[in-house]
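Reviewing the structure listed below.
The values are calculated or read from the model by the stated rules, or taken from the named source; none is laboratory data. Only a predicted model underlies this, so the values are computations on that prediction, with no experimental measurement involved. Here the Cβ is made from the backbone with ideal geometry for all residues, glycine too, and neighbour counts use every protein chain on show. Ligands, DNA and RNA are stripped out before the accessible areas are found, and what is left, the full protein with its side chains, is counted by its heavy atoms. Shrake-Rupley method; radii C 1.70, N 1.55, O 1.52, S 1.80 Å.
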Amino acid sequence: MLDKILGALAALEKIASTIAAIFMFAIMIIVFCDVIMRYAFNQPFSWAYDLISIYLMAGVFFLVLSEAYASNAHVSVDILQQKFPDSVKRLTEIVTCIVGIIVFSLIAWLGWLRAIDAFKSGDVMAGAIPWPMWPSIALVPFGAGLITIRLALHLIGHVLSLATGRVAGSPALLA
């Protein structure tokens, strides 16, 4: 059962990370073309800054959160933790997962409510192009929801590891 959940989550994280990579590539292309248009032709893209800041940067950040956590790519300060015995390390990981689950589930829930509200009210950004806000806002609960699920699975793995006394725990859960 857990293996199927992990497999589905990993597939969803991979799709989200691929979209984030496409967004990053799009940012680079848009900025490059905008610079060419600005300095060579004195005709910069009026929409570039809004598109990048509203949609693409939010996508790059929130779509990669969960996979980055799963692959230990987030910044962590573990100097003190390295000195702990394995059981204390697991306890610190359990506390970290619990705090993360609380924070990210709250972000996901409030972000979801905000995205629904923005969609229903037709929120748009004031400017030359009336960009709808709900797609950008919806990236927040999606990314926060993914990392909440990942943290919950890691919590289960750490609790099982602590309970069974196995140091490594389930490699699939603690990957």
Exactly one condition in (1) farther than 25 Å from GLU13 by Cβ; (2) under 24 Å from the mean Cα position of the chain (by Cα); (3) not in a helix (DSSP H, G or I) is false for ASN72; which is it? (1)
Some residue of region 113-120 being touching a helix residue (DSSP H, G or I) at 6+ places or on another chain (Cβ under 9 Å), basic (Lys, Arg) and open to solvent by less than 50 Å² (accessible area, probe 1.4 Å): no
Just checking, does region 143-153 include any residue being under 27 Å from ASP3 (Cα atoms), of a type in the set (A, V, I, L, M) and assigned to a loop (DSSP other than H, G, I, E, B)? no
Scanning for something within 13 Å of the chain's Cα centre (by Cα), under 25 Å from ILE147 (Cβ atoms) and open to solvent by 90 Å² or more (accessible area, probe 1.4 Å), does region 9-26 turn up at least one residue? yes
Open to solvent by less than 50 Å² (accessible area, probe 1.4 Å) and either free of Cβ contacts under 8 Å to residues at least 60 places away in the same chain or of a type in the set (D, E, K, R) (or both): which single residue out of ALA70, ALA108 fits that description? ALA108
Scanning region 102-142 for residues that are assigned to a helix (DSSP H, G or I) and small (Gly, Ala, Ser) gives SER105, ALA108, GLY111, ALA115, ALA118, SER121, SER136, ALA138
If you check VAL140 against the conditions, is it modelled with pLDDT of 95 or more, loosely packed, with under 12 Cβ neighbours inside 10 Å and within 30 Å of LEU2 (Cα to Cα)? no
Mind checking which residues of region 22-40 are touching a residue at least 12 places away in the same chain (Cβ under 8 Å) and either under 16 Å from GLU67 (Cα atoms) or of a type in the set (A, V, I, L, M, F, W, C) (or both)? PHE23, MET24, ALA26, ILE27, ILE30, VAL31, CYS33
Quick check on this structure: which one of LYS4, LYS14 is of a type in the set (Lys, Arg) and either farther than 30 Å from ALA152 by Cβ or in contact (Cβ under 8 Å) with a residue 40 or more places away in the chain (or both)? LYS14
Residue hits (region 41-58; in a helix (DSSP H, G or I) and either in contact (Cβ under 8 Å) with a residue 24 or more places away in the chain or open to solvent by 70 Å² or more (accessible area, probe 1.4 Å) (or both)) are PHE41, TYR49, ASP50, LEU51, ILE52, ILE54, TYR55, LEU56, MET57, ALA58
Assess whether ASP86 counts as being closer than 24 Å to THR164 by Cβ, free of Cβ contacts under 8 Å to residues at least 60 places away in the same chain and open to solvent by less than 80 Å² (accessible area, probe 1.4 Å). no
Counting only residues that are over 17 Å from SER53 (Cα atoms) and in contact with a Pro (Cβ under 8 Å, 6 or more places away or on another chain), how many does region 120-130 have? 1
Scanning for something of a type in the set (Val, Ile, Thr) and within 24 Å of the chain's Cα centre (by Cα), does region 125-134 turn up at least one residue? no
